[in-house]
Structures are given as structure tokens and as C-alpha cells.
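Peer 1: Right, I'll just put the structure down here and ask away after.
Here, each number is a calculation from the coordinates, and none is a lab measurement. All figures in this text were calculated on a predicted structure; none of them were measured in a lab. Neighbour counts are summed over all protein chains in view; Cβ atoms, including those assigned to glycine, are modelled from backbone coordinates with ideal geometry.
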Ligand SMILES: C[S@@+](CC[C@H](N)C(=O)[O-])C[C@H]1O[C@@H](n2cnc3c(N)ncnc32)[C@H](O)[C@@H]1O
């Protein structure tokens, strides 16, 4: 069968982005070049493509079908134990990199690291050697972080830890975190394919954010920073938690590409 015939017949079943991603993954080419080239696919390959379409039609995200996702210009292996890295987290990572560079920071904690996307992107972007710890409660997620770190030849200290439990008496220059923040009742649609552990944060979605705000200062050096992601509708509630703690100055709020508030930068009060 010709690939362009398969695409004519089945291509509409995919979103543009996912179709591009699929073609690049399978053929290492962009969609326009496969449409102009006369590529034939054998039956085995056609079965593979149909299998992808079948899973995709049931709602499975393309990233889980292919076992990878782009983040910060890098290609991350993922599996069902990790969240699919999101574009808004790139903005969190970008701001963390700015702060690390400006302050010449060395000791970094990526709390709730998932597949290691934040930690690895930071070390791949900053040319000097950093001391980065990547921690998660999920052992299988940490295994994926290790795999990605090996792929990119980045050294990370990995820690299996329930938030700060393994970091007693340890202080970092900066804590970067994308914690779970989805209210239990909002886990529906394609989110059901992602690990509950990576999403669910109680009735109000603030279970982990609140815990981080109330405890991070114990694990930050003087003038240490937190860069934390949050849900698009949580700014007011997060501001309330910060105020209640009395521990930090708000340095900035971070917007996503659609102009929604998606993160906060905090500095320990001195
Ligand atoms: C929203 S995901 C973020 C993953 C990744 N950092 C990213 O940005 O794509 C949250 C992560 O927190 C982890 N997690 C959940 N509960 C935790 C806890 N109590 N302590 C540490 N990590 C936890 C999950 O396993 C998941 O990997």
C-alpha cells in the first residue's frame, strides 16, 4: 500500500499535531515530504499504523502510544508511569534556568520529577556542571528519569522521596516543581490515561502545593527560590497559601502561551 493512500483514508482520524508526530516517529520525515514522496508500506507496517489509529481512536494520547514526547527541544521517553510533559512546563523550566544563571546557582532540586524532563532540560541548557537532584515518589517514574538522563548523558542524583522526606537537613539554591494539582473530580477525558499519582491533589487540587509552600523553606538556602507550576485557575488560592505561610516574597507569576496564570516564583523572606 502507498503511505499517501493510507493517509488519505485514515489521516483525518488524527489531530494535525499528532499526525505530524506519528509520521516523524515512524519515518523520520516531515508530513509534507511523505506526501510528495511515493512511499510504500508493507502489510506489517500497515498493521502497526492501524494499531496506532485504533488506540488513538479510543482516546489514548499519542505520547503514550509512541512512548515519547518532545519537551524543550528534546525527546523524552515516557510510559504509563509518568505524566506527558506539557508546553506550559517549558515556561516553568525556562524561568528556572534564568534564575539559576542570574544567581550562579548550583544546587537544584526537581521535586516531583516524573520522566526527568525539567531536570534534564536544565542541565542540557546550562553548560556548567550543576548538582541536580531529581526526586519522585514513584520508583517506575524514576527509572524513566534514569533512562532519559542516560540518553542525554546528564548526571542526576535520583531520590525516591515523598516530597521532602528524604531531604532532612538538606538545602538547595532552588526548588523547581510541577507537583500534582488536579482536583480529583476533574480527572476525566484523556487525563484518565495518565497516572493518578501524577495528577490528583485532593478536592481542591492544592494538597501538594500547600505542603510544598509550608515546607520548602526548610530545604532552601538563604535567598533560595521556588519555581512552581499550578493549575490555570489556582492563582488566587495559591496566593492565599503563600500569604498564610508568611514565608516567602512573590517574585513573579508565570503565564502560559494562552495568557493563563500557570506558575509562581517565590523567594524565601530574609
Ligand atoms: C504533574 S507530575 C510532573 C512530572 C514532571 N515533572 C513534568 O513536569 O512533566 C507530578 C509528579 O509528582 C509525583 N508525585 C506524586 N506524589 C508525590 C509525592 N508525595 N512525593 C513526590 N512525588 C510525588 C508523581 O509521581 C509525578 O511524577
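Peer 1: Determine if the range 93-102 includes at least one residue that is under 21 Å from residue 199 (Cα atoms), surrounded by 16 or more Cβ atoms within 10 Å (Cβ to Cβ) and touching a helix residue (DSSP H, G or I) at 6+ places or on another chain (Cβ under 9 Å). Give the derivation first.
Peer 2: Going through the range 93-102, the residues under 21 Å from residue 199 (Cα atoms) turn out to be 93.
Now narrow it down to the ones that are surrounded by 16 or more Cβ atoms within 10 Å (Cβ to Cβ): 93.
The next check asks that each one be touching a helix residue (DSSP H, G or I) at 6+ places or on another chain (Cβ under 9 Å); those that pass are 93.
Yes, there is a match, as at least one residue in the range 93-102 is under 21 Å from residue 199 (Cα atoms), surrounded by 16 or more Cβ atoms within 10 Å (Cβ to Cβ) and touching a helix residue (DSSP H, G or I) at 6+ places or on another chain (Cβ under 9 Å).
Peer 1: When the residues of the range 65-92 are narrowed to those that are assigned to a helix (DSSP H, G or I) and in contact with a strand residue (DSSP E or B) (Cβ under 7 Å, 6 or more places away or on another chain), which ends up nearest to the ligand (Cβ to nearest atom)? Walk me through it before giving the result.
Peer 2: First, the residues of the range 65-92 that are assigned to a helix (DSSP H, G or I): 65-66, 87-92.
Add one more test, that the residue is in contact with a strand residue (DSSP E or B) (Cβ under 7 Å, 6 or more places away or on another chain), and what stays is 88-92.
Working: 88: 9, 89: 4, 90: 9, 91: 11, 92: 8 Å.
Ranking the qualifying residues of the range 65-92, first place goes to 89.
Per-residue answers, yes or no, for (1) more than 29 Å from residue 146 (Cβ to Cβ); (2) in contact (Cβ under 8 Å) with a residue 24 or more places away in the chain:
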| position | (1), (2) |
| --- | --- |
| 18 | no, yes |
| 40 | yes, yes |
| 55 | no, no |
| 58 | yes, no |
| 77 | no, yes |
| 80 | no, yes |
| 83 | no, yes |
| 88 | no, yes |
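Peer 1: Taking the stated definitions as given, is residue 193 surrounded by fewer than 21 Cβ atoms within 10 Å (Cβ to Cβ) and at negative phi? Full working, then the answer.
Peer 2: Working: surrounded by fewer than 21 Cβ atoms within 10 Å (Cβ to Cβ): yes; at negative phi: yes.
Answer is yes for this residue.
Peer 1: Quick one: residue 105 ticks every box in (1) surrounded by 19 or more Cβ atoms within 10 Å (Cβ to Cβ); (2) more than 14 Å from the ligand (Cβ to nearest atom); (3) closer than 25 Å to residue 191 by Cα bar one, so which box is it?
Peer 2: (3)
Peer 1: Of everything in the range 8-63, what is surrounded by fewer than 17 Cβ atoms within 10 Å (Cβ to Cβ), under 27 Å from residue 82 (Cβ atoms) and out of contact with any helix residue (DSSP H, G or I) (no Cβ under 7 Å at 6 or more places or on another chain)? Give them in sequence order.
Peer 2: The answer is 15, 16, 17, 24, 26, 28, 48, 50, 51, 54, 58.
Peer 1: Somewhere in the range 98-118, is a residue assigned to a helix (DSSP H, G or I) and under 12 Å from the mean Cα position of the chain (by Cα)?
Peer 2: First, the residues of the range 98-118 that are assigned to a helix (DSSP H, G or I): 98-103, 117-118.
Remaining after also requiring under 12 Å from the mean Cα position of the chain (by Cα): 117-118.
Yes, that holds for at least one residue.
Peer 1: Answer yes if at least one residue in the range 193-205 is without any contact (Cβ under 8 Å) to a residue 12 or more places away in the chain and within 23 Å of residue 105 (Cβ to Cβ), and no otherwise. Explain how you work it out, then say what you get.
Peer 2: To start, the set of residues in the range 193-205 that are without any contact (Cβ under 8 Å) to a residue 12 or more places away in the chain comprises 196.
Still in the running and within 23 Å of residue 105 (Cβ to Cβ): none.
No, the range 193-205 has no match at all.
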